[in-house]
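The values are calculated or read from the model by the stated rules, or taken from the named source; none is laboratory data. Note that the coordinates shown come from a computational prediction; the quantities given were computed from them, not determined experimentally. Positions of Cβ are generated from backbone atoms using ideal geometry, with glycine treated the same way; all protein chains shown enter the neighbour counts. Heavy atoms of the whole protein, side chains included, go into the accessibility calculation; ligands, DNA and RNA do not. Shrake-Rupley method; radii C 1.70, N 1.55, O 1.52, S 1.80 Å.
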Amino acid sequence: MTVTQVRRAFKFRFYPTDAQAAELSRTFGCVRLVYNKALAARSEAWTVRRERVTYNATSAMLTAWKKTEELAFLCEVSCVPLQQALRHLQGAFSNFWQKRAGYPRFKSKKKSCDSAEYTTSAFRYRDGKLTLAKMAEPLDIVWSRPLPEGHSPSTVTVSRDAAGRWFVSMLCNDPMVKPLPVLDTAVGIDAGITSLVTLSTGEKITNPKHERRDRKRLARAQRELARKAKGSNNREKARRKVARVHARIADRRRDFLHKLTTRLVRENQTVVIEDLTVRNLLKNKKLARAISDASWTELRTMLEYKCAWYGRELITVDRWFPSSKLCSACGTIAAKMPLNVREWACDCGAVHDRDVNAARNILAAGLAVSACGDGVRPQRSTPGGRSSMKQEVVPPQRTRAAAQPRG
């Protein structure tokens with residue numbers, strides 16, 4: 001059997017010199033300008049003339065823009081990130097036409113993430129040192145781990161987050177990512193708030209609640225930001241302070257989820273989860289903050305690509321499957337199951353912990369899907385309804401969601 005090598009993004013933090021920071025800042029601005037001008041041109045062409053502008057046409061536009069007096073500064077930065085911005089715009093339109101995403105939006109100087117992508121012609125990687133185009137010195141990178149031996153990055157993406165931290169992401173093949181030995185274990189996962197996940201084995205993983213732990217610090221920083229005059233330097237300092245608190249929360253949450261999902265994938269051949277609509281659940285004003293802190297979407301994303309990497313099976317059970325109300329012993333469905341009921345007794349005499357019972361039912365539904373396709377729950381008559389199903393996971397060849405994986 002041929003094993004496809006995984007292209008994996010290795011993300012590191014680096015500390016640029018003043019000259020490097022100035023060069024990268026100019027590049028970020030030019031990338032944003034080119035992207036927005038190309039998007040405006042394509043939108044106008046379609047709105048006015050019903051004409052579809054291709055990548056080649058926008059590339060020709062970029063050449064013409066560089067020859068004008070007002071946009072001559074585009075020649076001062078590397079041309080590769082500018083061309084990559086046009087390719088990203090083409091990809092955004094392709095996703096829109098195939099109904100995988102909404103219409104492309106303009107990049108904002110204040111809200112959009114600053115980033116620039118370099119291909120092999122615009123950087124040099126030798127002896128563990130990375131030098132970008134238009135720079136005389138290599139970047140001062142904090143190498144938290146080595147790149148795969150014998151493999152050089154195919155693309156390099158430099159970014160700066162809202163907290164002012166600089167990152168470089170290197171995409172290269174990783175031969176160490178390969179299918180794990182086949183096991184005979186399976187686990188059902190019930191996502192929650194008090195317990196982040198409850199396993200069908202009865203184990204409950206406590207929700208660390210990273211946002212709640214830093215809530216006072218975040219509120220204090222936000223109050224200081226609200227008192228600063230708009231447009232002032234002090235307001236910018238206060239904004240970065242708020243961003244640093246958010247970054248601290250996000251980093252700890254991501255680290256915890258990486259460790260949890262890696263453990264689940266390594267210990268089980270089959271992983272069964274629920275198909276939750278987090279976007280709709282966030283409309284609950286009382287639970288929205290707690291649901292956001294739990295980050296169920298990121299948990300599922302990590303399980304998806306790690307199962308694909310390591311040869312595991314991921315099964316998704318229909319969101320309308322009554323996992324909490326269904327007795328895992330006799331199959332009776334309870335009439336009502338309010339959220340405040342954490343334990344309940346069935347008429348057959350079985351006493352259930354709500355979350356453990358749900359996880360066991362999810363596992364049983366997933367195993368039924370794996371064995372015989374479906375039949376766990378009849379097809380719903382509502383438009384767009386679907387019953388439980390096996391999820392087809394495409395091995396990710398190039399995904400930024402896979403940046404900073406933990407094995």
Quick one: in the stretch 226-242, of everything that is surrounded by fewer than 17 Cβ atoms within 10 Å (Cβ to Cβ) and among the hydrophobic types (A, V, I, L, M, F, W, C), which residue is farthest from the chain's Cα centre (by Cα)? ALA229
Hey, could you check the stretch 114-162 for residues that are within 14 Å of TYR15 (Cβ to Cβ), of a type in the set (Val, Ile, Thr) and open to solvent by less than 60 Å² (accessible area, probe 1.4 Å) and say which is nearest to the chain's Cα centre (by Cα)? VAL158
The conditions are (1) at pLDDT 95 or above; (2) under 18 Å from GLY29 (Cα atoms); (3) outside any strand (DSSP E or B), and PRO138 fails exactly one of them. Which is it? (2)
Identify all residues within the stretch 309-321 that are surrounded by fewer than 21 Cβ atoms within 10 Å (Cβ to Cβ) and under 18 Å from LEU260 (Cα atoms); write none if there are none. TYR310, GLY311, GLU313
ARG215 within 23 Å of SER292 (Cα to Cα), open to solvent by 70 Å² or more (accessible area, probe 1.4 Å) and not hydrophobic (A, V, I, L, M, F, W, C): yes
Flagged in the stretch 59-78 as assigned to a helix (DSSP H, G or I) and either in contact with a helix residue (DSSP H, G or I) (Cβ under 8 Å, 6 or more places away or on another chain) or aromatic (Phe, Trp, Tyr) (or both), in numbering order, are SER59, MET61, LEU62, TRP65, LYS66, ALA72, PHE73, LEU74, CYS75, GLU76
Picking from ARG42, ARG7, ARG13, which residue would you name as being in contact with a Leu (Cβ under 9 Å, 6 or more places away or on another chain), surrounded by 12 or more Cβ atoms within 10 Å (Cβ to Cβ), of a type in the set (D, E, K, R) and not in a helix (DSSP H, G or I)? ARG7
Across the stretch 98-128, what is the total count of residues that are of a type in the set (Gly, Ala, Ser) and without any contact (Cβ under 8 Å) to a residue 60 or more places away in the chain? 6
When residues of the stretch 16-39 are limited to those that are under 13 Å from TRP166 (Cβ atoms) and among the hydrophobic types (A, V, I, L, M, F, W, C), the one surrounded by the fewest Cβ atoms within 10 Å (Cβ to Cβ): ALA22
With respect to the numbered conditions (1) assigned to a helix (DSSP H, G or I); (2) open to solvent by less than 100 Å² (accessible area, probe 1.4 Å); (3) closer than 25 Å to LEU24 by Cβ, which one is the sole condition not fulfilled by ARG87? (2)
